[in-house]
Amino acid sequence: MISDKSRYDVIVIGGGHAGTEAAAAAARFGAAVALITHNASTIGAMSCNPAIGGLGKGHLVREIDALDGIMARAADLGGIQFRLLNKRKGPAVRGPRAQADRKLYAKAVQEAIFGIENLDVIEGEATDLIVEQGRVTGVILGDGRELTAGSVVLTTGTFLRGLIHIGDKQIRAGRMGEKPADHLSATLERHGLTLGRLKTGTPARLNGKTIDWTVLEMQPGDDDPEPFSLLTKNLPNAQIACGITRTTSETHAIIRSNIHRSPLYGGVIESRGPRYCPSIEDKVVRFADRDSHQVFLEPEGLDDDTVYPNGISTSLPEDVQTAFIRSMPGLENVEIVRPGYAIEYDFVDPRHLTSSLETRAIKGLYLAGQINGTTGYEEAAAQGLIAGLNAARAAAGNEGISPDRADAYIGVMIDDLITHGVSEPYRMFTSRSEYRLSLRVDNADDRLTGKGIEWGCVGAVRTDIHQERQKTLTEWRDRLMEWTLTPQEAGRYGISLNRDGQRRSAFQLLSYPEINAETLISVWPDIANMPKWLRSRLETDAAYAVYLDRQVSDIDTYRRDEMLKLPADIDFTMMPGLSGELRHKLSTVRPATLGQAARIEGITPAALAILAGYASGRR
Ligand code: FAD
């Protein structure tokens, strides 16, 4: 793991969720990789909630897995409660989520990283980049060491000029107890990248032994927990239940009467936090009509008494935190192990990036994770995988790749970031995708593994499994299309259909809500041999078939516009016929295609007509 080598194909800075996926993806491509991080023992650390997946995020984890990334397997090895969220809604918007044992999750990530032969982990702080003629050629460490590389991936998370707030107390840190990365911001700015400040927050941690669990409602995991990874056969850990408590009118009164002591409301923190993960003081102020908010009490590990109270992140002073937490049922005598806090950090305007996550200002430099204005482990990991893979591909002289909006949520996220930028931390939701019936958690491998094999980030084990699954899927789909019956024949098996004389295939029959694969075994007994994963997969495909057919034509139109490339050297600032505002927007985003230009807010049909001239080579 430790090496005195100084020349690599790819250097990754940061051993968080983005950095580990970046390093692993670059290594799978075959690059010689160095992963520089402050402290090797914090590789795989979860800064905030001990959970992976959820709505939208679960899709990202499955997509990471489909591209042979490590997050899904680590979540299976560390998972202590698995739940499929939105079970009652359609398959397109279901979200697998696992609560993780922090230590087991980090252990799984570390074992994955330390087990990669062509990857060296180097402890230290990257303090500067070596840039020659607009191209990054290496990294300088705090102790003066210089490492050179073909490409560099920067994944600094919340560490770039990180500043923690607890009441009026401020601590310079990247995470509680860890020093910030103060040097790289100046380098990035010097090379023309625009930086901004964002903030996020975390709740206090509680001593589970001091919680009165007897008065709490308990929430168990699923009876038939489903792993994240296609490669996981068995989930190794015992499953635990979480407790549920609520804020009370007393909680809200305590927060309201101390709101002036919150750095958020005292004007000390001006940067924006995640709208969909607000602090408890935000919830109490913004939703003043609500007299209670649910709080999930999530154990942080199997042999750890620490409990994470999900839903009450805060930057209020410690005495206020203690008072409001103790005003909730079951927490009257709770002991606080560590106070909650807010953290502000630098991020880079992601509109400076191409779809391969390379900066336009410094060739060979890729950014991924929180540094691009996102929030969340899954968002970070997904970007890390694409950035690391592209860094390795570029170092070996290959062109950049990126899934598009119709391939994957990863493609949606990257396109959103580079086209719209961020004004608040970006997190994934299924509603961000216009093709969500196609982008399901159950077909991520179908959508991406073949592409991943082509791009060079999928190993031999998964390639074999994928090819076998594809073969089985095609064989069964063909069979279900070939097997047909008339309504009269169906009636003999107790299946009632509209008596229109039309023959229907077994696949068409699966689209009826009252018919599933089990129902059809009486007609075609072979169906009993269909693997379980395939049954639900084909039932969903059949149920969505009409809509999916329609979506295919929308996707064709989208992809036609994506084929219309805009020349990379267009000078938008001089383009005639455009308003000053549009020229500015186009110069900032520098859309690569006419399709991307059309997604820029405020773009007009007239402007698109002008750009179409450039795309077709008429101008
Ligand atoms: P990180 O996980 O932060 O990892 C960055 C890594 O880079 C660290 O290992 C660090 O040591 C290393 N590093 C940084 N700079 C250097 C350098 N110059 N040299 C060497 N090593 C370096 N997400 C949510 O989804 N919901 C939440 O509610 C939420 N709350 C959060 C609350 C807090 C207090 C914090 C700190 C984070 C929170 N997050 C939350 C965000 C979540 O932790 C991040 O989105 C995720 O960890 C980002 O992954 P990353 O890989 O980009 O960075």
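Below are the figures for this structure:
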| quantity | calculated |
| --- | --- |
| Table column - 3J(HN,Hα) (Hz), the range 156-166, Karplus curve with 6.51, -1.76, 1.60, x for Gly and Pro | 7, x, 8, 8, 6, 6, x, 9, 8, 10, 9 |
| Burial ranking of peptide ranges 27-33, 522-528 (average Cβ count within 10 Å, highest at the top) | 27-33, 522-528 |
| Förster radius 60 Å - calculated FRET efficiency between Gln133 and Met481 (Cβ-Cβ, nearest 0.05) | 0.55 |
| Label point distance in nm, Ser41-Glu581, each placed 7 Å from Cα along Cα→Cβ | 5.4 |
| Fraction in percent of alpha-carbon pairs per bin - 10 Å, the range 294-345 | 22, 57, 20, 1 |
| Residues with amide H under 5 Å from that of Glu335, placed H, sequence gap 5 or more | Asn207, Thr210 |
| Ratio Rg/Rh [Cα only; Rh per Kirkwood] for the range 446-578 | 1.19 |
| Gained length - Lys233 relative to Ser553, 0.36 nm times residue gap less alpha-carbon distance | 111.5 nm |
| Cα-based radius of gyration of the chain once divided by 2.2 N^0.38 Å, which approximates compact folds | 1.02 |
| Relative exposure of Met575, Met413, Met218, judged by other C-beta atoms within 10 Å (fewest first) | Met218, Met575, Met413 |
| Mean residue ellipticity (222 nm) of the chain, computed from DSSP H runs ≥ 4 via -39,500 (n - 2.57), nearest 500 | -10500 deg cm²/dmol |
| Theoretical FRET efficiency, 1/(1+(r/R0)^6), r = Cβ-Cβ of Glu434 and Ile521, R0 30 Å, to 0.05 | 0.20 |
| Order of Lys283, Lys363, Lys89 - criterion: other Cβ atoms within 10 Å of each residue's Cβ, fewest first | Lys89, Lys363, Lys283 |
| Equivalent-ellipsoid semi-axes of the range 201-262, from the Cα gyration tensor, Å, largest first | 35, 16, 11 |
| Computed Rg/Rh of the range 381-492, alpha carbon atoms with Kirkwood Rh | 1.12 |
| Spin-label pair Gln294/Lys451, simplified geometry with 7 Å Cα→Cβ offset, distance in nm | 3.4 |
| Using θ = phi - 60° and Karplus 6.51 cos²θ - 1.76 cosθ + 1.60, couplings along the range 339-345 (whole Hz; Gly, Pro as x) | x, x, 7, 10, 9, 9, 8 |
| Shape category assigned to the range 255-390 from the gyration tensor of Cα positions, a/c cut at 1.5 | prolate |
| Cα-only Debye scattering, the range 394-436: base-10 log of I(q)/I(0) at q = 0.27, 0.30 Å⁻¹ | -0.95, -1.07 |
| Point-to-point label distance, Thr474-Trp213, nm (Cα→Cβ direction, 7 Å offset) | 5.1 |
| Semi-axes of the equivalent ellipsoid for the range 503-619, Cα gyration tensor, largest first, Å | 51, 12, 12 |
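Taken together, the values in this text are just the output of simple stated rules run on the coordinates, not laboratory data. Remember, it's a predicted structure, so these values are computed and weren't measured experimentally. Because the Cβ atoms are built from the backbone with ideal geometry, glycine has one as well, and the counts that use them run over all protein chains shown.
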